[in-house]
Amino acid sequence: MSKKKLGIGLIGTGFMGKAHAFAYRSALAAFPDIPTPELRMVADVNAEGAAKAAQQYGFASSTGNWRDIIANPDIDVVSITTPNTFHKEMTLAAIAAGKHVHCEKPLSPTLADSEEMVKAAEAKKVITQVGFNYIKNPMLKLAREMIAAGELGEITGFRGIHAEDYMHDPEGLYTWRLDPVGGPGVVADLGSHIICMARFLLGKITHVNADIETIVKSRPKAVGSKERVPVLVDDIARLMVRFEGGFGGTLEANWVKTGRKMQLAFEVHGSKGSLYFTQERLNELQFYKAGGDGRTAGFTTIEAGPQHPPYGGFIVAAGHQLGFNDLKTIEMAEFLRGIAHGKAEGPDFREAYEIQKVVEAALASSRQAASRVTI
Ligand SMILES: NC(=O)c1ccc[n+]([C@@H]2O[C@H](COP(=O)([O-])OP(=O)(O)OC[C@H]3O[C@@H](n4cnc5c(N)ncnc54)[C@H](O)[C@@H]3O)[C@@H](O)[C@H]2O)c1
């Protein structure tokens, strides 16, 4: 019989560490069927930060050494929310200790590393999950159902974008996100989300043609420092893709798009209709139905409510709106339910590996650039 309680160990207490802690704390309230997550230990390289996080988020203990989490027999599940460079080492150690692993996206700096992580997890039969929280939105589930049910007819194209502006300032510091040891730049950081979304809605991407560029060529090493570090990773990635279904599309990942804070958006078009979504208005899905009275034709706004599961687990009334942390809560609940049932609900390591294949294909295509026609 599966455990009714699962001991949680969290590594990293930054942006995502906090989101994971929120999600584990709220999951049972929204999803009474899942095993009870018990917050047992939190680790951060900054031991003081870990101690503060333990107190604030309700973990029983804290440590400055993540290996204490791996060695703790009361921990069943490890959440890894550190910079990408550490994902593989931490994951492999957790898997070797027989723990289920949630790892933030992108799974690892390279496809080869991801493959090693997938193989280790599958060999040890542990349940895995990767932090592609945005597809946990009930509006995304609805979009997928509508597409699968043929409500848009024959699909003719997809246009996806994930744009933010947190790297647009050339005086912004050189951080771990720009260190090539952690993998490519925006194509993996934000690109992985829109690739995941495209695959979630429409299936496999089979071909990629990409143009990838670095806009800000160097950044200050530290606050007040005149020393600048050259930037070797990408700021913008533009991909032309083909899907297994026979239609094409475009994907853009961009972290220098001034003014955009969370433009994770898509349009999908079909012979009978279209859908439009943006994470900036995550409780809405726009639906256009072809045919009918031309005078009143237009996009209709479908507003999230309890009729779109699992919205009702959070709020009984329509229109009151879910937020980012709720998507993370859905993700964690599905992960814990997957552990209870012995089957991942995903996206698991294998799916993250497939997403990374698209990232690496885009990088390879951009390097070739041979198919570009000079005008
Ligand atoms: N799913 C999402 O929407 C989403 C959003 C942001 C970031 N992420 C991913 O989450 C991961 C972390 O990003 P973040 O924005 O939270 O970063 P962050 O810089 O805010 O936090 C990273 C944390 O890891 C800690 N850390 C670093 N090295 C460590 C080590 N060796 N041992 C223990 N702790 C260590 C840092 O002290 C910090 O607390 C990245 O892989 C990133 O791509 C995912």
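Close amide H pairs (under 5 Å, H built 1.01 Å from N) link Ser62 with Val42, residues at least 5 positions away or on another chain.
Taking the DSSP beta bridges in the chain as the whole, what percent of them are antiparallel, to the nearest 5? Can you show the working numbers first?
Values: 39 of 67 bridges.
Around 60 percent of the beta bridges assigned by DSSP in the chain are antiparallel ones.
A simple rule links phi to the HN-Hα coupling: the Karplus curve 6.51 cos²θ - 1.76 cosθ + 1.60 with θ = phi - 60°, which for region 349-356 gives 4, 5, 5, 5, 5, 5, 5, 5 Hz, with x for Gly and Pro.
For region 256-268, backbone phi angles converted through the Karplus equation (6.51, -1.76, 1.60; θ = phi - 60°) give residue-by-residue couplings of 10, 7, 3, x, 8, 9, 7, 8, 9, 9, 8, 10, 10 Hz, Gly and Pro being listed as x. Evaluating kT/(6 pi eta Rh) at 4 °C and 1.567 mPa s, with the Kirkwood radius of the chain over Cα pairs in the Stokes-Einstein relation, gives 60 µm² s⁻¹. A straight line joining the Cα centroids of region 318-375 and region 5-83 runs 22 Å.
Within straight-line reach of Lys272, meaning a Cα separation under 18 Å, sit the following aspartates and glutamates at least 8 residues removed in sequence or on another chain: Glu145, Glu151, Glu154, Asp293. Working from label points 7 Å from Cα in the Cα-to-Cβ sense, the Arg228 to Ala148 distance is 5.0 nm. Charged neighbours of Glu38, selected by a Cβ distance under 11 Å, balance to +3 (K, R count +1; D, E count -1). In straight-distance terms, cross-link reach from Lys328 covers every one of the lysines whose alpha-carbon lies under 16 Å from its own, apart from those fewer than eight places away in the same chain; here that gives Lys18, Lys105, Lys136, Lys141.
Across region 170-178, coupling constants 3J(HN,Hα) worked out from phi with the 6.51/-1.76/1.60 Karplus curve, θ = phi - 60°, read x, 8, x, 5, 6, 10, 4, 5, 9 Hz, and Gly and Pro carry x. Around the Cα centre of region 308-373, unit charges on the Cβ atoms of Lys, Arg, Asp and Glu (plus for the first two, minus for the last two) sum to a dipole of about 260 debye.
What size of dipole, in debye to the nearest 20, comes out for region 5-133 about its Cα centre when the only charges are +1 on Lys and Arg C-beta atoms and -1 on Asp and Glu C-beta atoms?
Dipole size: approximately 140 debye.
Distances between placed amide hydrogens fall under 5 Å for Ile236 paired with Glu213, Ile215, all partners being 5 or more residues away or on another chain. Distant-in-sequence amide contacts of Leu264, defined by a placed amide H-H separation under 5 Å and a gap of 5 or more residues or a different chain, comprise Ala163, Gln279, Glu280.
Largest GNM mean-square fluctuation among Ala43, Ala60, Ala121, using the chain with Cα springs under 10 Å: Ala60. Direction-averaged projected area, Cα convex hull, region 5-133: 7.2 nm², rounded to one decimal.
All of the numbers you see were taken from the coordinates with simple rules; none came from a lab. Just so we're clear, the structure is a prediction, and the values are computed from it rather than from any experiment. Counting neighbours? That spans all protein chains shown, and the Cβs are built from the backbone with ideal geometry, glycine included.
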